[in-house]
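The values are calculated or read from the model by the stated rules, or taken from the named source; none is laboratory data. On a predicted model such as this, the values are computed, not experimentally measured, just so you know. With ideal geometry, Cβ positions are generated from the backbone for all residues, glycine too; neighbour counts draw on all protein chains shown.
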Amino acid sequence: MKRLSIFILSIICSVVVVAQDPHFSQFFASPLTLNPAFTGKFSGNYRIAGNHRNQWPSINNAFITSTASIDFHILQDKIRNNDMFGVGFMFLNDNSANSAVKFNYAGISTAYHKGLDEDGNNQLGIGVQATYSNMLINTTSLKFEDQLTTLGFTGTTNEVFNNSTLQSNYFDLNAGILYTGSSNETNNYYAGVSMYHINSPKQKFTGTEYIVNPRITFQAGYYFTFNDNVGLHLSGLHSTQGGTTETLFGGAVQLNANPLATNPVSVYVGSWIRFKDAIIPYVGLEFSNTRLGISYDVNTSSLKTATVGKGGLEISLIYSHQPNTDKPINCPKF
């Protein structure tokens, strides 16, 4: 088969096939795609999270990624009071090259957090996740070099496929560890490491196999308060996969509008930096155990010429159900 330059360009630009997983700038708002050990690490009965990202829309809708997850605690009456046991389900859809290439993921995860002190303020968690992945390539939406004429891609291609849709499926295994701690009621901190694609699964198209490289991610965060009205969240990660790396670091100031209320309202303002790539301003609003976050990637690398200055808009939403009888647990948010 001849070199498919336009198709390859769309894949390499997003580094989809052989290098890098879909990712979120608000990594702190997508716990089950960051580290399986975050499963069940929250205060409440259950947690629902959703994220939507539209990256580089000027490059033929290069990336549109959405995910949804739910996790909850189990066997709390069977384990020690300072331990936590969680189970979660995650779904992710990633469309690239104007939806010509589609990834779909469905995963189930579990994690056990062992209390290191009497109150469980310091815990060490271990989590695992099994994922089913499906990739679809709609060949009718692809453009090839032999179609290019003076009027655009108006010619007929000589490329022949057995099916209008190419498909590849695989099962995946992910795992991680996470330490979380708090020295008082006004701070918390965490550090963890996760590894995705432990089994190095293979994707196969038209007789060619691609190995999905393992992804290793280190993440950490710290929160503290200046007073009843102002707090600061800091977080960062470093991820490596298939020879590519990604490093983010930043934070947001939390402003409490009514700190003495049962369900205080907070506003978040801050920014993260993806080194050698983008500045990511962030604003958020928290109310009734729900946090809404909005960020935008402002591209600073040489790629900004191709993106025509358009980065990536991202929206996140997290809700944690809090029963009246539940003892609050000082858990990390960023």
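Brief remarks on what is shown
- Of the residues making up the range 190-238, those that are in a loop (DSSP other than H, G, I, E, B) and among the small types (Gly, Ala, Ser) are 200, 207.
- Flag if residue 146 is assigned to a loop (DSSP other than H, G, I, E, B) and modelled with pLDDT under 90: no
- Single match in 74, 108, 70, 64 (criterion: at pLDDT below 95, out of contact with any Pro (no Cβ under 7 Å at 6 or more places or on another chain) and within 26 Å of residue 322 (Cβ to Cβ)): 74
- Restricting attention to the range 294-334, the residues being assigned to a loop (DSSP other than H, G, I, E, B), modelled with pLDDT of 80 or more and within 25 Å of residue 278 (Cα to Cα) number 1.
- Each residue in the range 67-85 was checked for being part of a strand (DSSP E or B) and over 19 Å from the mean Cα position of the chain (by Cα), and 3 pass.
- Checking each residue in the range 201-247 for being among the hydrophobic types (A, V, I, L, M, F, W, C) and closer than 27 Å to residue 187 by Cβ picks out 218, 220, 224, 226, 230, 232, 234, 237.
- Test: residue in the range 34-55 that is among the β-branched types (Val, Ile, Thr), buried (at least 16 other Cβ atoms within 10 Å of the Cβ), in a strand (DSSP E or B) and at pLDDT 95 or above: no
- Candidates 222, 196, 210 - the one that is in contact (Cβ under 8 Å) with a residue 24 or more places away in the chain, surrounded by 14 or more Cβ atoms within 10 Å (Cβ to Cβ) and touching a Lys or Arg at 6+ places or on another chain (Cβ under 6 Å): 196
- With respect to the stated conditions, residue 231 fails to be under 30 Å from residue 265 (Cβ atoms), at pLDDT 90 or above and under 17 Å from the mean Cα position of the chain (by Cα).
- Selection count, the range 149-186, where residues are farther than 26 Å from residue 92 by Cα, at pLDDT below 75 and not small (Gly, Ala, Ser): 12
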